[in-house]
Amino acid sequence: GIKIENRKPTRCPGYRSISEDKAMLKLLRQGSSKDIYEVNGQPDQLVFHFSDRVSVFDVGPIPTAFPGLGVLRCAIAGRLFEVLEYAGVSTHYFSHNIPSATMKVMAAQIPEKDFNPPGALGRLLPLEFLFRYVLTKKACDRMPADSAERTKVEKFLASGQKFELGARLMPAFVECSTKWQAADDYISDNDAATLAQVEPRIMAALQRDCANVAGILRNFFRPAGFGLADGKFELILPFRIGDSISPDELRLIGPDGKSYDKDPARVWYEANQSDWLRRLKAAKAAYPNDKSQWPTYEDVPPPEVVNEMVRRYRTVAEAIKAI
């Protein structure tokens with residue numbers, strides 16, 4: 001029920017772009033959607049450079065660029081971080097520069113990566129917190145009748161809803177998956193608490209807070225014409241939203257019923273690379289933590305699929321006044 005001011009994004013005129021600060025930056029990690037840099041002389045700060053790369057099915061970057069996607073990712077993420085800060089939610093966001101597709105954030109400790117910068121905000125948990133408002137086929141298939149997971153989810157079913165594909169959940173149901181693995185696995189709440197080194201009651205509180213944050217975003221997207229179906233957060237303790245928030249991490253359903261995220265690329269591979277996907281699924285089952293055994297992409301989406309995906313991100317950015 002929190003009303004978010006519908007205002008233009010902060011352009012951060014005082015924040016220099018990554019090209020201007022290049023001599024001050026040290027590459028820490030290159031991911032599929034962004035590169036992460038440490039700021040020399042300022043160990044408590046990081047710079048994200050959002051890329052035009054896209055990864056699907058956890059394989060890594062598709063060997064073709066999606067021109068303009070990095071700028072849109074940066075604009076949307078910066079806008080959503082500002083929305084959350086405005087609503088009183090703590091994040092690691094500091095500022096962003098749309099033309100250079102860069103964002104400055106405050107650093108967090110990552111013990112699993114031996115990254116412990118002085119002045120860090122806190123500890124980044126080795127988990128992804130996944131929330132959902134709608135039951136997907138994948139969720140239904142992995143929660144058989146009488147399982148503990150299904151019993152828990154059934155408590156979140158909206159009035160009159162049954163446990164089935166498309167059922168609505170209210171408030172958002174939150175669960176956890178592992179992080180830092182080749183293919184992340186869903187884990188129980190108790191295992192998540194153990195991995196995060198917190199008590200079960202703290203884990204329950206973190207999940208409730210994530211549901212509240214999801215509610216803020218859901219209410220923000222609704223006037224722009226988008227439904228928020230599900231998504232994921234990364235958390236820093238004490239409670240802060242870290243990493244990034246864009247259609248890479250959120251599944252948004254537009255007025256046309258389509259998913260405004262990486263869906264065009266995923267659907268193209270499902271329709272045109274079914275044999276490759278079958279072999280990929282088998283390799284993941286046999287070697288869940290060894291990507292070197294997984295088949296690499298055998299083809300790339302055609303220009304019309306690339307353009308459609310970029311168009312969808314731009315539509316979201318314009319709708320929420322991120323650009």
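The values are calculated or read from the model by the stated rules, or taken from the named source; none is laboratory data. All figures in this text were calculated on a predicted structure; none of them were measured in a lab. Glycine also receives a Cβ, built like all others from the backbone with ideal geometry; neighbour counts cover every protein chain displayed. Please note that ligands, DNA and RNA were not included when accessible areas were found on the heavy atoms of the full protein model with its side chains. Shrake-Rupley method; radii C 1.70, N 1.55, O 1.52, S 1.80 Å.
Looking at Glu298, is it open to solvent by 50 Å² or more (accessible area, probe 1.4 Å) and in contact with a helix residue (DSSP H, G or I) (Cβ under 6 Å, 6 or more places away or on another chain)? Outline the logic, then answer.
Values: open to solvent by 50 Å² or more (accessible area, probe 1.4 Å): yes; in contact with a helix residue (DSSP H, G or I) (Cβ under 6 Å, 6 or more places away or on another chain): yes.
It is true that Glu298 is open to solvent by 50 Å² or more (accessible area, probe 1.4 Å) and in contact with a helix residue (DSSP H, G or I) (Cβ under 6 Å, 6 or more places away or on another chain).
Within the set of pairs 6 or more residues apart or between chains, which connect a residue that is within 23 Å of Trp294 (Cα to Cα) inside the range 178-195 to a residue that is at pLDDT below 85 with Cβ atoms less than 8 Å apart?
Qualifying pairs under 8 Å: Thr178/Asp184.
With (1) in contact (Cβ under 8 Å) with a residue 12 or more places away in the chain; (2) open to solvent by less than 70 Å² (accessible area, probe 1.4 Å) as the list, and Phe94 as the residue in question, which single condition is left unmet?
Here Phe94 clears every test but (2).
Can you pull out the residues in the range 141-188 that are open to solvent by 60 Å² or more (accessible area, probe 1.4 Å), over 19 Å from the mean Cα position of the chain (by Cα), hydrophobic (A, V, I, L, M, F, W, C) and more than 17 Å from Gln207 (Cβ to Cβ)?
Correct list: Ala145, Leu165.
Just a yes or no: is a residue in the range 77-84 touching an Asp or Glu at 6+ places or on another chain (Cβ under 8 Å) and either part of a loop (DSSP other than H, G, I, E, B) or more than 20 Å from Ala108 (Cβ to Cβ) (or both)?
Of the range 77-84, the ones touching an Asp or Glu at 6+ places or on another chain (Cβ under 8 Å) are none.
No, the range 77-84 has no match at all.
If Gly257 passes every condition in (1) open to solvent by less than 30 Å² (accessible area, probe 1.4 Å); (2) among the small types (Gly, Ala, Ser); (3) assigned to a loop (DSSP other than H, G, I, E, B) but one, which one does it miss?
Single failed check for Gly257: (1).
Any idea which of Arg222, Arg240, Arg208 is more than 26 Å from Gly122 (Cα to Cα) and open to solvent by 60 Å² or more (accessible area, probe 1.4 Å)? Talk me through it step by step, then tell me what you get.
Details: Arg240 fails: more than 26 Å from Gly122 (Cα to Cα); Arg208 fails: more than 26 Å from Gly122 (Cα to Cα).
Just one listed residue meets the conditions, Arg222.
Those residues that are modelled with pLDDT of 95 or more, over 30 Å from Gly225 (Cβ atoms) and small (Gly, Ala, Ser), I need them from the range 287-323; list them, please.
none
Could you tell me whether any residue of the range 251-259 is under 24 Å from Thr102 (Cα atoms) and in contact (Cβ under 8 Å) with a residue 60 or more places away in the chain? Before the answer, list the steps.
Pass one, the range 251-259, residues under 24 Å from Thr102 (Cα atoms): 251-252.
When the remaining residues are screened for being in contact (Cβ under 8 Å) with a residue 60 or more places away in the chain, the result is 252.
Checking the range 251-259: at least one residue is under 24 Å from Thr102 (Cα atoms) and in contact (Cβ under 8 Å) with a residue 60 or more places away in the chain.
Restrict the check to the range 301-310 and report whether at least one residue is open to solvent by 30 Å² or more (accessible area, probe 1.4 Å) and either touching a Leu at 6+ places or on another chain (Cβ under 8 Å) or within 30 Å of Pro111 (Cα to Cα) (or both). Walk me through how you get there before you give the answer.
Looking only at the range 301-310, we keep the residues that are open to solvent by 30 Å² or more (accessible area, probe 1.4 Å), and these are 302-304, 307-308.
Checking the rest, the ones that are also either touching a Leu at 6+ places or on another chain (Cβ under 8 Å) or within 30 Å of Pro111 (Cα to Cα) (or both) come to none.
No: zero hits.
Would it be correct to say that Phe57 is in contact (Cβ under 8 Å) with a residue 24 or more places away in the chain and under 16 Å from Asp243 (Cβ atoms)? Full working, then the answer.
Details: in contact (Cβ under 8 Å) with a residue 24 or more places away in the chain: yes; under 16 Å from Asp243 (Cβ atoms): no.
When the stated conditions are applied, Phe57 does not pass them.
Out of Ala75, Ala101, Ala107, which single residue is modelled with pLDDT of 95 or more, crowded, with 22+ Cβ neighbours inside 10 Å and on the phi > 0 side of the Ramachandran plot?
Values: Ala75 fails: on the phi > 0 side of the Ramachandran plot; Ala107 fails: on the phi > 0 side of the Ramachandran plot.
Going through Ala75, Ala101, Ala107 in turn, the sole match is Ala101.
If a residue has to be under 15 Å from Glu308 (Cβ atoms), open to solvent by 10 Å² or more (accessible area, probe 1.4 Å) and not in a helix (DSSP H, G or I) to count, how many in the range 261-292 make the cut?
Summing the residues that are under 15 Å from Glu308 (Cβ atoms), open to solvent by 10 Å² or more (accessible area, probe 1.4 Å) and not in a helix (DSSP H, G or I) in the range 261-292 gives 1.
State yes or no: is Asp275 of a type in the set (Asp, Glu) and more than 21 Å from the chain's Cα centre (by Cα)?
Working: of a type in the set (Asp, Glu): yes; more than 21 Å from the chain's Cα centre (by Cα): yes.
In short, yes.
Among the residues of the range 136-165, which ones are assigned to a loop (DSSP other than H, G, I, E, B), farther than 23 Å from Asp191 by Cα and in contact (Cβ under 8 Å) with a residue 12 or more places away in the chain? Step through it out loud before you land on a result.
Taking the range 136-165 as the starting set, the residues that turn out to be assigned to a loop (DSSP other than H, G, I, E, B) are 136, 142-147, 155-156, 158-165.
With farther than 23 Å from Asp191 by Cα added as a condition, the list becomes 136, 158-165.
The answer is Thr136, Ala158, Phe163, Glu164, Leu165.
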